[in-house]
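So the structure is just underneath, and the comments pick up after that.
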Amino acid sequence: MGAADGKQGPLLCVVGARPNYMKMAPLLSAFRARSDLPGAVLVHTGQHYDWLMNDQLFRDLGLPPPDVNLEVGSGSHAVQTAEIMRRFEPVLDDYAPSCVVVVGDVNSTLACSLVAVKKHVPVVHVEAGLRSFDRTMPEEINRLVTDQLAEVLYTTEPAAAQNLAREGIAPEKIHFVGNVMIDSLLAHLPHAVPAASTLDKAGLSVDGRGFGLVTLHRPSNVDEPEALTETVEILREVSERLPLVWPVHPRTRAHLERFGLAARLATPSIALLPPAGYLEMLGLLAAARLVLTDSGGVQEETTALSIPCLTLRDNTERPITVERGTNTLVGRDRKRILCLVEAILAGRGKKGERPEGWDGRAAERIAAHLAGWLARRAVAEPLSRVSP
Ligand code: UD1
């Protein structure tokens, strides 16, 4: 199917979980728009599979259905990673791709990179070099290993190149291109579902104060009863100042119920929603007075939209959102959070600015660079085969 017929094999583009989709959508259209790139094949590992976590987002983003679905589903990290590897290998053999394109830091990113590199297929990593320096986060391990394996590393912010240099990655492999997540944001913002209609449906009455948006799913915040109880109590207090709307991730929903915390959230000023679609989420983000989150992507989206963001973590792998954007790290520091909420409501929230390269054209830059890189490689490869 690929290199055996003398033509360049396709670009094998991998997605697995929700935050991958908004990164891959602009890449896939930029790849398919260029005649000097081989065709792009979309592989879905099936790490996320619920309609709300998956199909709805594909639809909102205009992503075509995957060409291949590995249907791995949930499991422990080891089981999920191993199962993706096992099922991805024959697909790689079948397509003989020119390269495997992976995005972000989920288990699918790591698993497919490992399979590819052992088969001598180059790995292209989009959103390389981000580091929280917290190795208890599964995503940090995925980032570290994927970047060691990748042949081409595309970065979103300057700190990434410094991190990669420190880890011994050759500078010629690293390319600053900007942020593909913001490509999706800017492209879809005009089609966002108005927040008023989502709030109406959720039965949250917001009056003149507006509302705050909550998203939480990190194991450090939601997996242990103490941490989740603390978070829930903080949210209750914030909701006395500002109504909150919270699209709840399935793992968080399960833990709220298991730890008996759902009842603590049954107040008229907090609306718990199922996971939001992409266009619904954009509408909520753009209209929120502030956002409380532990998501990586939401830290970037709020910076791009100039919405104050309080991140319930002690670190971030996206430091530019704090240095230049609207993000503040607050951990679970109740007093600090309440104080910052007051400041934001009084109009003293961070305004920030949009970082360089977060301009809606990152995918285009990646496609252009990749076309040149593959062409140079195609010339260099036969030469290296005949050299002694
Ligand atoms: C994964 C990513 C994380 C990303 C997040 C976004 C890794 C290590 N983590 O975490 O970086 O920010 O996705 O959502 O890859 N579940 C469903 N339906 C689904 C998917 C999951 O109900 O469609 C439930 C399952 O009970 C599952 C749990 O959520 O066990 C966790 O899902 P999983 O994909 O393993 O990790 P996330 O926490 O979503």
* Taking the stated definitions as given, is VAL248 more than 16 Å from the ligand (Cβ to nearest atom), β-branched (Val, Ile, Thr), in the same structural domain as LEU338 (by TED's automatic domain parsing) and more than 30 Å from GLY357 (Cβ to Cβ)? -> no
* To do: Please note which helices (runs of 4 or more DSSP H) are completely contained in segment 229-313 and include at least 2 residues that are more than 19 Å from the chain's Cα centre (by Cα) and touching a residue at least 24 places away in the same chain (Cβ under 8 Å).
  => 250-258
* Asked: Got a sec? Which of ALA187, ALA159, ALA165 is away from the ligand (no atom under 16 Å from the Cβ), small (Gly, Ala, Ser) and not assigned by TED's automatic domain parsing to the domain that holds ASP105?
  -> ALA187
* To do: Specify the residue that is nearest to the ligand (Cβ to nearest atom); the eligible residues are those in segment 79-104 that are more than 20 Å from the chain's Cα centre (by Cα) and within 13 Å of GLN47 (Cα to Cα).
  => VAL79
* Quick one: what pairs do we get from segment 57-86, first residue without any contact (Cβ under 8 Å) to a residue 60 or more places away in the chain and under 23 Å from ASP183 (Cα atoms), second assigned to a helix (DSSP H, G or I) and away from the ligand (no atom under 14 Å from the Cβ), C-beta under 6 Å, 6+ apart or different chains? -> LEU63/ALA25
* Contacts under 7 angstrom Cβ, first residue in segment 130-142 being touching a residue at least 24 places away in the same chain (Cβ under 8 Å) and part of a helix (DSSP H, G or I), partner among the polar types (S, T, N, Q) and more than 10 Å from the ligand (Cβ to nearest atom), 6 or more apart -> GLU140/SER132
* Asked: Is it the case that LEU374 is assigned to a helix (DSSP H, G or I), farther than 22 Å from HIS188 by Cα, of a type outside the set (Ser, Thr, Tyr) and not assigned by TED's automatic domain parsing to the domain that holds GLU233?
  -> yes
* Structure fact -> When (1) assigned to a helix (DSSP H, G or I); (2) surrounded by fewer than 19 Cβ atoms within 10 Å (Cβ to Cβ) are applied to SER205, the one that fails is (1)
* Are any of the residues in segment 22-30 surrounded by 15 or more Cβ atoms within 10 Å (Cβ to Cβ), within 16 Å of the ligand (Cβ to nearest atom) and over 19 Å from MET181 (Cβ atoms)? -> no
* Asked: Taking segment 96-106, which residues are surrounded by 22 or more Cβ atoms within 10 Å (Cβ to Cβ) and out of contact with any strand residue (DSSP E or B) (no Cβ under 6 Å at 6 or more places or on another chain)?
  -> SER98, GLY104, ASP105, VAL106
* In segment 337-354, what residues are surrounded by 15 or more Cβ atoms within 10 Å (Cβ to Cβ), over 11 Å from GLU237 (Cβ atoms) and of a type outside the set (Gly, Ala, Ser)? -> LEU340, ILE344, LEU345, LYS350, ARG354
* When residues of segment 217-269 are limited to those that are of a type in the set (D, E, K, R) and touching a Pro at 6+ places or on another chain (Cβ under 9 Å), the one farthest from MET137 (Cα to Cα) -> ARG258
* Asked: So how many residues does segment 107-120 have that are farther than 14 Å from GLU83 by Cβ and crowded, with 24+ Cβ neighbours inside 10 Å?
  -> 3
* In segment 49-69, is there at least one residue being farther than 21 Å from GLY277 by Cα and either assigned to a loop (DSSP other than H, G, I, E, B) or away from the ligand (no atom under 16 Å from the Cβ) (or both)? -> yes
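The values are calculated or read from the model by the stated rules, or taken from the named source; none is laboratory data. Since the model is a prediction, treat every value here as computed from it, not as a measurement. Note: ideal-geometry Cβ built from the backbone for every residue, glycine included; neighbour counts use all protein chains shown.
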